[in-house]
Structure formats: C-alpha cells, structure tokens
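Before any comments, here is the structure.
The values are calculated or read from the model by the stated rules, or taken from the named source; none is laboratory data. These numbers were taken from a predicted model, which means no experiment stands behind them. Because the Cβ atoms are built from the backbone with ideal geometry, glycine has one as well, and the counts that use them run over all protein chains shown. For the accessible areas, the whole protein counts, side chains as well, though only heavy atoms, and no ligand, DNA or RNA atoms are used. Shrake-Rupley method; radii C 1.70, N 1.55, O 1.52, S 1.80 Å.
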Amino acid sequence: MSVSKVHWCWRKDLAAFRGLSDFQRSGFLLVLEWFENFRLRYGLEAGKEAGRVFWRNEVKAADRPREGWQLEQWEAAMQWYFDWLDACAEANADHRSLPERVRAAVQSAGGRRGLALTTKRCYGAWAARYAAFGDDERALMRVETASLFLESVVKDEDCAYSTQKQALNALAFFFKHVCGVDDPVFKVKLRKTGTRVPVVLSKGETQRIFEKLEMPGWAKEGRYGCYGLPARLQYGAGLRRSELVRVRIKDVDLERGTLTVRKGKGDKD
C-alpha cells in the first residue's frame, strides 16, 4: 500500500478553518460525520450525488422533523464539504480517509483474487476497522499493530469464535495481498466460546412476518406480494439470500417438486 501520495483530511481542515465559530464548527462536524458514515455504509462515492441521496433519505425523512436553523446549518456544512472536495481535486490530493483507502485496497485485491462479493465486503469492513484502530499508515503495516487489534477483538468484544477467525483471516489477507507480507504471524490466541441456544421464531411468528410482506388485497386471492413469495421460498427451502436472488423460473420444477440452486457456497450447484 503506497504512502507517497498527498492525503487530505476534512476533519483536520475543518478544525483549522477560521471562518466558523465553535458552535458552527461542532454543527458542521456532526452532520459531516453523519454523512460520511451513511456514505461508507452504502458504498457511495464522495460527491454531490451522495449528498443528494443522504439529504433525501436521512435529513428530509418524513418521520424526522427538523428545525429550520438545523437545515440551514447542515446545508452550509454540506456546501463546505463539496468546496473542500473541489480543492482536493485541484491539488490532486486524495480526499479519502485512511479506513476508506484501506477498505478499497482490500476489496480491489479481493477482486483480483476472485473472491466472492460478500467475502470482499467482509474483509474490507474488517480492514477498515483495523485502519481506524491503527490510525497511521505505517503502523498498519506492522504485524504487531494487527496483533494488538486482534487481541482487542478477542478480549474486549463478546463475539463468537467464528467472528474472531473472520477478523484474523481478513487481516491475513490484507498483509499478504496488500502489504506484500508473505507469512504474517499474529501473536494472538483466539478464544473458544460455549454453545449458544439458537433463537428460532415460532410457527405463528413466522406466519405473521409473511403476512406483513404480502401486498394488501392479494392475500384474499391466494397470491403473495412481491416480497411474500420470495420470503416463503427462502424459508421453506433454506436458501441463502445470494442463492434466493439468483433463482430463475427454469430452476423450479413443479412436476418433480425440486428447486435447483446454482452457484451456492463454494460455487457449487
């Protein structure tokens, strides 16, 4: 991972910006952190289009009334951010935060290695968390920093053994295919967790969920809505979400009572 390009940070520039009072600066920071979290959660590129989506879905949501002064302040904050992006482009500087750059590097490496989309996203999310933990480009490339992060995941978070192993695999991928470390050895011992009782919906609870997914008026005719039928099919056949969305008419054989799942886990039919 290259560290030679100039990187700008909007948080640092906002803190140093002299045209705002402390009250305005805190308001700008609030809405811009909110926007950044929204943008990264949905994988949106920084820019006015992402700003419009954020404003429509988050700020102007019907169930969230806003005061007039709030909208004015937040609109000014977004305009400041867009002006800052323009300045980054003029200076040929990278506007992305360290977690965002690390996530992109891992997902790009995963694409070259032929990883599944869900795996790329999972590894990218863990790498972004690791970048936020390390908070320094060169520190991230040290195995000792990764060991400290994994130790914090094991000791401080009440997560399953599979989650701990997932974090370990993600960082191993980051070091091998992004940092160029052939065989990283992390000094951490994963913790086995005890057996957990699964939470399972009752038959009545499951039926009520299906009813909520049916379009009004259609249930009387014995037909399900656009979400009811897929939900029942997924529940009845035990399909993963990725398997469900790939189901086509030719995969359903009503005469034999079979459903063919294509490209399931492990790329198997």
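Some values worked out for this structure:
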| read-out | value |
| --- | --- |
| Criterion (open to solvent by less than 40 Å² (accessible area, probe 1.4 Å) and closer than 28 Å to Phe133 by Cα) met by exactly one of Ala93, Ala16, Ala89, Ala61 | Ala93 |
| Qualifying positions in region 49-58 - out of contact with any Asp or Glu (no Cβ under 9 Å at 6 or more places or on another chain) and surrounded by 11 or more Cβ atoms within 10 Å (Cβ to Cβ) | Ala50, Gly51, Arg52, Val53, Phe54, Asn57, Glu58 |
| Criterion violated by Ala237 - all others in (1) farther than 21 Å from Ala116 by Cβ; (2) surrounded by 11 or more Cβ atoms within 10 Å (Cβ to Cβ); (3) modelled with pLDDT under 90 satisfied | (1) |
| Residue within region 19-37 that is loosely packed, with under 13 Cβ neighbours inside 10 Å, closer than 28 Å to Phe175 by Cα and without any contact (Cβ under 8 Å) to a residue 24 or more places away in the chain present | yes |
| Filtered residue count, region 64-78, keeping only those that are touching a helix residue (DSSP H, G or I) at 6+ places or on another chain (Cβ under 9 Å), open to solvent by 90 Å² or more (accessible area, probe 1.4 Å) and of a type outside the set (Asp, Glu) | 1 |
| Among (1) under 21 Å from Gly180 (Cβ atoms); (2) charged (D, E, K, R); (3) without any contact (Cβ under 8 Å) to a residue 40 or more places away in the chain, the one test that Glu157 misses | (1) |
| Residue count, region 66-104 (criterion: under 16 Å from Asn37 (Cβ atoms), charged (D, E, K, R) and part of a loop (DSSP other than H, G, I, E, B)) | 1 |
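Listed here are the residues, each with its yes/no results for (1) in contact (Cβ under 8 Å) with a residue 40 or more places away in the chain; (2) under 17 Å from Trp10 (Cα atoms).
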position	(1), (2)
Gly47	no, yes
Trp55	no, no
Phe82	no, yes
Ser97	yes, yes
Asp135	no, yes
